[in-house]
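This is the structure I have questions about; it appears just below.
The values are calculated or read from the model by the stated rules, or taken from the named source; none is laboratory data. Just so it is clear, the model here is predicted, and its values are computed rather than measured. Please note: Cβ atoms are built from the backbone with ideal geometry, for glycine as well, and neighbour counts cover all protein chains shown. Just so you know, the surface numbers come from the protein's heavy atoms only, side chains and all, with ligands and any DNA or RNA stripped out. Shrake-Rupley method; radii C 1.70, N 1.55, O 1.52, S 1.80 Å.
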Amino acid sequence: MRGEATISRLLMLPTAPVIETGNGTISLDVKFAEGMQHSCKIWPGRIDCILRKGAESIPFGGTYQVADLDYGLQVIDEEDVISPDMLRDYDVVLGAGDSHHDLHITDHGAEADAKIIYAIEYTIGTRLQIALMDPTRNWPRRLYSAFWHLRKERLRRRAFRQADGIQANGYPALNAYRSMNANTLLYLDNRMKPEMFATTEEMTARLDHIREGHPLRLINSGRLEPMKGAQDLIPIARHLRDKGVAFTLDIYGTGSLEAHITEEIARHDLAAVVTLHAPVDFETELVPLSRTKADVFLSCHRQSDPSCTYLEAMGCGLAIAGYGNQMWSGLRAQSKAGWIAPLGKPISLAERIIEINESRDALISACRSALEFARSHDFVTEFKMRNDQLISASK
């Protein structure tokens, strides 16, 4: 019964991909699986989860035995409707505000005697940007997709006004939706656990490297896709080289632009300063490399979605030079952890890096600020805030 010391059951409706692989096994996104494992540790009761079919592959996936999961898992067809009966017996339901499949569940909350909280990441502006930049669709299909998103946004806003709370991942979502619900929580999603942050010794080594005037070490990681701005990496590197800046750029990732970037490195004779690496494991490889082999994270991200990359780079002690999308603009204003250039202007971003190179004291300050801010928003802290809101709503 709601209000008792122990909360009975939480139902989660995430958008995470799932593939049933037979013999009682499933494939799940590793980040999602680790998050669910942590949720089960801190939630004072039972957790169940409903995932939808439809994924053909999971790039960063792992195989799991269903019987070994600490939560109940139900896999449904992609277009199945969440019914009132599926919500019964739960104290609180965490729905996916980004999924059009969940926008009706507030209509069933009272009937099912369940409190409804939504988690939201993308704003309508970001959805439209993604739809209109989709390289797999022609312009009529892009426009149709944009109008479809506009129709669904009306339902989303109605649902948010009816809900018992919102969990907004990032500043753009917070600014877009907090006026619709008084119980709106800001969280900054990331994978940085306390033991993963840059150490005092590593920061001392980095700051000495910067202070002594060594070549600036830039790093970029993520999907090499047009929507992520990966096409701007080589123009930035060319401008820095042509302006006589001493630097290196290490790129970690794969995607549709991988071959193009490889060709551009060779065509412009950049191999001495730019290296394209295959993707590496986040915790065991990318984090240690970022903590010890880089000074500035170069972000060409044009979208305003709440990329966890920002907090994760900052947790490694890296200042950030990036485009002024809504997420990095808000985060930079709060953290003082880097620099902003006009959206989609690679030469302007390169000029910012030249300023950074010539202002080593400012870079040192930004690196320190980045680490300090990230430490106050580690994985455990952000999860606890979200968990506390769910517990409070269920009482």
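Rounded, prolate or oblate: which fits the stretch 287-395 when a ≥ b ≥ c are the square roots of the eigenvalues of the alpha-carbon gyration tensor, with rounded for a/c under 1.5 and prolate only if a/b beats b/c? All intermediate terms of the calculation are to be shown ahead of the outcome.
Working: a/c = 2.57, a/b = 1.70, b/c = 1.51.
Prolate, because a/c is 1.5 or more and a/b exceeds b/c.
If you don't mind, there's one more thing I want to ask. Only bridges whose two residues both fall in the chain count here: according to DSSP, what percent of them are antiparallel, nearest 5?
Values: 9 of 54 bridges.
The antiparallel fraction comes to roughly 15 percent.
Could you tell me what percent of the accessible area of the chain is made up of carbon and sulfur, with a 1.4 Å probe and every protein chain present?
Values: 8960 of 17860 Å².
Accessible surface attributable to carbon and sulfur in the chain totals 50 percent.
In addition: So what is the relative contact order of the chain, in percent, for Cα pairs below 8 Å that sit 6 or more residues apart?
Working: 742 pairs, mean separation 59.3, N = 395.
Rounded, it is 15 percent for the chain.
State, to one decimal in nm, how far the label point of Lys293 lies from the label point of Ser348, with both points 7 Å from Cα in the Cβ direction.
3.2 nm
What FRET efficiency do you get for His38 and Ser83 if R0 is 51 Å and r is their Cβ-Cβ distance, rounded to the nearest 0.05? Could the numbers behind the result be given before it?
Details: r = 29 Å, r/R0 = 0.57.
The value I calculate is 0.95.
Could you please put Asp107, Asp48, Asp134 in sequence from largest to smallest accessible area, using a 1.4 Å probe?
Result of the area sort, largest leading: Asp107, Asp134, Asp48.
Now, a different point. Considering the convex hull of the alpha carbon atoms of the chain, report its projected area averaged over all viewing directions, in nm², one decimal.
On the way: hull surface 79.9 nm².
Directional mean of the projected Cα hull area for the chain stands at 20.0 nm².
Then there's this: What's the ranking of 70-77, 372-379 by average number of surrounding C-beta atoms within 10 Å, highest first? Before the final figure, lay out each step's value.
Values: 70-77: 13.5, 372-379: 18.6.
For the peptides 70-77, 372-379, the packing ranking is 372-379, 70-77.
On to the next question. Rounded, prolate or oblate for the stretch 202-296? Axes are the square roots of the Cα gyration tensor eigenvalues, ordered a ≥ b ≥ c, and the cut-off for rounded is a/c under 1.5.
Oblate shape, in that a/c is at least 1.5 and b/c is the bigger or equal ratio.
Determine which residues of the stretch 333-360 fall in the zone a paramagnetic label at Met385 would reach in this model, i.e. backbone nitrogen under 13 Å from the point 7 Å along Cα→Cβ.
334-335
Can you give me the C-alpha center-to-center distance between the stretch 204-276 and the stretch 129-150, rounded to a whole angstrom?
Here the answer is 31 Å between Cα centres.
Specify the angular offset, from 0 to 90 degrees and rounded to the nearest 10, of the alpha carbon long axis of helix 233-242 from the longest principal axis of the alpha carbons in the chain.
20 degrees
Hey, can you rank 262-273, 136-147, 245-256 by average C-beta count inside 10 Å, highest first? Please list the in-between numbers first.
Details: 262-273: 13.6, 136-147: 12.0, 245-256: 18.7.
Highest to lowest by the protection proxy: 245-256, 262-273, 136-147.
Give, to the nearest whole percent, the P(r) tail of the stretch 10-132 beyond 25 angstrom, counting all Cα pairs.
Working: 1942 of 7503 pairs.
Taking all Cα-Cα pairs of the stretch 10-132, the fraction more than 25 Å apart is 26 percent.
State, as an integer percentage, the relative contact order of the stretch 150-259 based on alpha-carbon contacts under 8 Å between residues 6 or more apart.
On the way: 98 pairs, mean separation 22.3, N = 110.
With pairs under 8 Å counted, the relative contact order is 20 percent.
Could I ask something else about it? List the relative contact order of the stretch 29-98 as a percent without decimals, with contacts defined as Cα pairs under 8 Å and 6+ residues apart. Please report the intermediate quantities before stating the final value.
Numbers: 44 pairs, mean separation 24.2, N = 70.
It rounds to 35 percent for the stretch 29-98.
When only alpha-carbon atoms count, how far does the stretch 97-167 stretch along each of its three principal axes, as whole angstroms with the largest first?
45, 19, 16
Can you tell me the accessible area per residue over the stretch 287-395, all protein chains present, probe 1.4 angstrom, in square angstrom?
Details: 3870 Å² over 109 residues.
For the stretch 287-395, the solvent-accessible area averages 36 Å² per residue.
Is the C-alpha gyration tensor of the stretch 85-216 telling us rounded, prolate or oblate? Criteria: a/c under 1.5 is rounded; beyond that, a/b larger than b/c is prolate, otherwise oblate.
Details: a/c = 3.08, a/b = 1.53, b/c = 2.02.
Judged from the Cα gyration tensor, the stretch 85-216 comes out oblate (a/c at least 1.5, b/c at or above a/b).
Loop-only GluC sites (Glu not before Pro) in the stretch 15-71, please: DSSP not H, G, I, E or B, and at most 13 other Cβ atoms within 10 Å.
Glu56
Order the peptides 197-210, 349-362 from the highest to the lowest mean number of other Cβ atoms within 10 Å of their residues.
Numbers: 197-210: 15.9, 349-362: 17.5.
By packing density, highest mean first, the sequence is 349-362, 197-210.
OK, next. I'd like the orientation of helix 346-358 relative to the chain: the angle between its Cα long axis and the longest Cα principal axis, in ° from 0 to 90, rounded to 10.
Between helix and principal axis, roughly 60 degrees.
Might you tell me the accessible area per residue for the stretch 1-99, computed with a 1.4 Å probe and given in Å²?
51 Å²
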